[in-house]
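Data first, discussion second: the structure below is written as structure tokens.
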Amino acid sequence: MTILATLTMMSLMAMPAAVQRAGKGKLFAQNVVEQAHRAHPEAAEIGISARSARGCRTIASTDPSDIGESCEKDDAAPMQTGKPFVGREGKSYDISLPLHDAKGRLVGSVGIELAPKPGQTESAQVAQAKAIAGEMERRILSKAALFQRSK
């Protein structure tokens, strides 16, 4: 193997998996959501909202009809307060959390809908959502990266 091939392989190995597998034309945020959903099928829905020049909007979601919609109160609250917002959707919990990049800078919010298992408390659901969000955050290099389209 040549030195160039070795260096290329090493740089690919160092790249976040979501960057390596980014689908053509999708926002990186959508790839992050899809990868999180594949890793956590127990989440009925996952979405990312962020502020941009167009205002606060859903920029990625496992529900395609949500993309481009204005932020709802539960999406915007974590960006303003830095705290989780927990609502109910039937028997499920709709948990919105502040979303950060890998350096800890606020980039938006993530909404995760989870159905509780028998005996599972709201705090356990929030902890599970925080773990999923943490996995997503490790893949996000910056807010600008969320809006990048794959080629």
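The values are calculated or read from the model by the stated rules, or taken from the named source; none is laboratory data. The model shown is predicted, which means the values in this text are computed figures rather than measured ones. Please note: Cβ atoms are built from the backbone with ideal geometry, for glycine as well, and neighbour counts cover all protein chains shown.
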The stretch 63-106 - residue that is closer than 25 Å to PRO118 by Cα and hydroxyl-bearing (Ser, Thr, Tyr) and, of those, surrounded by the fewest Cβ atoms within 10 Å (Cβ to Cβ): SER92
Count of residues meeting criterion [in a strand (DSSP E or B) and farther than 24 Å from ARG105 by Cβ] in the stretch 44-85: 2
Selection count, the stretch 102-124, where residues are within 17 Å of ILE46 (Cβ to Cβ) and of a type outside the set (A, V, I, L, M): 5
Selection count where residues are assigned to a loop (DSSP other than H, G, I, E, B) and of a type outside the set (A, V, I, L, M), scope the stretch 97-151: 17
Check on LYS73, at pLDDT below 95 and closer than 15 Å to ARG51 by Cα: yes
Residue count, the stretch 35-57 (criterion: of a type outside the set (A, V, I, L, M), touching a residue at least 12 places away in the same chain (Cβ under 8 Å) and more than 17 Å from ALA129 (Cβ to Cβ)): 5
Test for GLY55: is it over 10 Å from the mean Cα position of the chain (by Cα), modelled with pLDDT under 95 and surrounded by fewer than 13 Cβ atoms within 10 Å (Cβ to Cβ): yes
Any hit, the stretch 40-48, residues being within 21 Å of PHE28 (Cβ to Cβ), surrounded by fewer than 20 Cβ atoms within 10 Å (Cβ to Cβ) and out of contact with any strand residue (DSSP E or B) (no Cβ under 8 Å at 6 or more places or on another chain): no
